[in-house]
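Below: the structure, in structure tokens.
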Amino acid sequence: MKMLLELQAIQSIGNTQQSVESLANDPSIFTELLEEMMSSSTSSLTNSENLLGYYASSDNTTANSIDNNYLASFTYNSRENYLPNSYYNDLIQNEENVFSNYINKDYSNTAGYTNVLAGANAYSGIIEEASQKYGVPGKLIAAVMKQESNYNEHAVSSAGATGLMQLMPGTARYLGVNDAKDPVQNIMGGTKYLSQMLNKFDQNIELALAAYNAGPGNVSKYGGIPPFNETQNYVNKIMKYYNA
């Protein structure tokens with residue numbers, strides 16, 4: 001790349017008699033390079049000399065001799081003589097923008113509920129309270145609600161699972177939930193149970209979800225997600241919601 005820039009610069013000088021002012025009107029990277037080189041000064045140059053003029057008049061730039069200073073002026077780290085400042089600044093700005101995307105990325109998935117989890121917005125206050133009380137990511141709670149009831153607080157399955165997080169009657173009683181259709185009780189109870197499963201399986205979200213669906217006994221029995229199609233699909237769907 002360095003050699004191509006130098007060749008283009010030399011060819012441009014040889015083929016045109018453009019002034020610095022006219023070069024400024026040409027947006028190409030080569031003319032910007034020439035403009036900076038023709039107006040640059042180094043510690044070894046006077047203010048009236050420019051980089052190209054200095055080396056073009058040097059006896060050391062003949063075909064049979066190479067000036068090490070000349071080569072050094074085009075080193076990789078040289079902003080002024082190797083890459084036009086405007087291009088360099090744009091490059092740095094773009095790199096900072098890309099880097100900031102990684103810095104600001106919400107790896108915990110705790111940001112607002114959008115797209116497939118938009119229905120959780122109606123219960124965001126309860127979810128936040130449950131999340132803080134039981135240490136479960138809010139987005140995980142929302143993802144479970146999405147899969148269990150699609151945010152229908154009045155949902156009741158054929159097996160008797162009730163409410164937003166589809167609590168079975170026995171589980172609801174165990175969790176101290178008196179009215180499983182009440183959004184506050186249901187979300188708090190379901191999150192408490194999910195927290196217990198996370199603690200039991202060393203914060204492994206997939207195993208905790210499998211236990212929420214098929215029971216912790218089955219997860220322990222099979223040493224992982226049970227080989228039940230329903231449970232495997234359940235875990236996969238919730239993880240997709242959670243990672244969306």
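Observations on the model:
- Condition met for GLU129 (in contact (Cβ under 8 Å) with a residue 24 or more places away in the chain, among the acidic types (Asp, Glu) and open to solvent by less than 60 Å² (accessible area, probe 1.4 Å)): no
- Here TYR242 passes the criteria (1) under 23 Å from ALA120 (Cβ atoms); (2) open to solvent by 30 Å² or more (accessible area, probe 1.4 Å); (3) among the hydroxyl-bearing types (Ser, Thr, Tyr) except the one numbered (2).
- Top-ranked residue in the range 161-204 [being over 11 Å from VAL136 (Cβ atoms), assigned to a helix (DSSP H, G or I) and among the hydroxyl-bearing types (Ser, Thr, Tyr); ranked as least open to solvent (accessible area, probe 1.4 Å)]: THR171
- Residue in the range 210-223 that is open to solvent by less than 10 Å² (accessible area, probe 1.4 Å) and either charged (D, E, K, R) or within 30 Å of the chain's Cα centre (by Cα) (or both) present: yes
- The requirement of being under 24 Å from GLU230 (Cα atoms), at pLDDT 95 or above and either open to solvent by 30 Å² or more (accessible area, probe 1.4 Å) or not charged (D, E, K, R) (or both) is not satisfied by VAL116.
- Among residues of the range 138-156, those that are open to solvent by less than 40 Å² (accessible area, probe 1.4 Å) and in a loop (DSSP other than H, G, I, E, B), counted: 2
- Pairs where the first residue, in the range 187-204, is more than 13 Å from SER220 (Cα to Cα) and the second is of a type in the set (Asp, Glu) and surrounded by fewer than 22 Cβ atoms within 10 Å (Cβ to Cβ), C-beta under 8 Å, 6+ apart: MET188/GLU129
The values are calculated or read from the model by the stated rules, or taken from the named source; none is laboratory data. Owing to the predicted nature of the structure, the values given are computational and were not obtained by experimental measurement. Positions of Cβ are backbone-derived with ideal geometry, glycine not excepted, and every protein chain shown enters the neighbour counts. The protein model used for the area step is the full one, side chains on, heavy atoms only, and it has no ligands, DNA or RNA in it. Shrake-Rupley method; radii C 1.70, N 1.55, O 1.52, S 1.80 Å.
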